[in-house]
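Colleague: Below is a structure I'd like to ask you about.
Read-outs throughout are calculated quantities, based only on the coordinates presented, and are distinct from any laboratory measurement. Worth saying up front: this structure is predicted, and the values here are computed from it rather than measured. Cβ: placed from backbone, ideal geometry, glycine included. Neighbour counts: every protein chain shown.
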């Protein structure tokens, strides 16, 4: 971020540099003796162009920002799937309070929070995991239930216990639902199997937010390019960034919360950069 004082000096230097190095037509006397002020204005605009982007403050990725873009595009989900509830995805609930929610999480700890949320949201609580098959899997329950996973973590972690939980495919568990529909998937490395378990019904979704890794911290875990490639094969593309996380070890970027929409979504119809010349 460039401070105001530094920005002023950068602008002054850029203008002076441009005026002495650009075309001699800038501010030259015209035939009638007046100054070519249009040329001077164009030169100043040209001088400022390289630093314009550096002086523009952009808000950090957030649910609020991404939701505002969706709403401006006319997108208001009638159905939301919160896959991997843990303590609750409150930013999501605040942005779309009138949607019908499917709250999905396999742990007993999360069930308590989902039942509490059921008093605040119109929803159905499903105390199961989603995957690419119907059956059971052993899950490692963490002291912080948001980190509970089916996979082996690289490095130390605080484990509460391990237990078997029911697993279902999305396309066999969920019946008909109203659209537009949005799915949020935060499942600690199981996002690829959850997406596969949607089968052809993934095409009934109008937006998908996936927490995915740029640097997988579980053995054999998928990374961003795996998820993006799979969703591309199903007709979905990146639309927005909802959030990101850096690992405490050294600040390296480790996670992205990415919003995907169908390639032909109306949200992608307007390809202009700006409405001003």
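Colleague: Please list the three semi-axes, largest first and in whole Å, of the ellipsoid equivalent to segment 171-277, using sqrt of 5 times the eigenvalues of its alpha carbon gyration tensor.
Modeller: Working: eigenvalues 118, 94, 24 Å².
Computed over segment 171-277, the values are 24, 22, 11 Å.
Colleague: Each label point is 7 Å from the Cα along the Cα-to-Cβ direction; what then is the distance between the points at residue 226 and residue 71, in nm?
Modeller: Reported label-point gap for residue 226 and residue 71 is 3.6 nm.
Colleague: Per residue and in Å³, how big is the convex hull formed by the alpha-carbon atoms of segment 63-268?
Modeller: Convex hull volume per residue, Cα atoms: 112 Å³.
Colleague: Over what distance in Å are the Cα centres of segment 159-203 and segment 62-78 separated?
Modeller: If we compute the Cα centre of each part, the gap is 22 Å.
Colleague: Moving to a separate point now. Reported to two decimal places, what Rg/Rh ratio describes segment 73-120 when computed on Cα atoms with Rh from the Kirkwood expression?
Modeller: Ratio of gyration radius to Kirkwood radius: 0.99.
Colleague: So if each residue of separation counts as 0.36 nm, and I subtract the Cα-Cα distance between residue 166 and residue 233, what length gain in nm does that give?
Modeller: The span from residue 166 to residue 233 would gain 21.3 nm if fully extended.
Colleague: Can you list, bin by bin at 10 Å, the percent of alpha carbon pairs in segment 223-274, starting at 0?
Modeller: Here the calculated profile for segment 223-274 is 22, 41, 26, 10, 0.
Colleague: Over segment 63-268, calculate the relative contact order: mean separation of alpha carbon pairs under 8 Å at least 6 apart, over the residue count, as a percent.
Modeller: Across segment 63-268, relative contact order equals 19 percent.
Colleague: Right, another one. So, by mean Cβ neighbours within 10 angstrom, what's the order for 206-212, 122-128, 193-199 with the highest one leading?
Modeller: Working: 206-212: 23.6, 122-128: 16.6, 193-199: 20.7.
Result, highest mean Cβ count within 10 Å first: 206-212, 193-199, 122-128.
Colleague: Could you order the peptides 258-268, 178-188 from most to least packed, using the average number of other C-beta atoms within 10 Å per residue?
Modeller: 178-188, 258-268
Colleague: Any chance you could run the full-extension gain for residue 269 through residue 219? It's 0.36 nm times the residue separation minus the Cα-Cα distance, nm to one decimal. Walk me through the intermediate numbers first.
Modeller: On the way: separation 50, 0.36 × 50 = 18.00 nm, distance 3.91 nm.
Full-extension gain reported as 14.1 nm.
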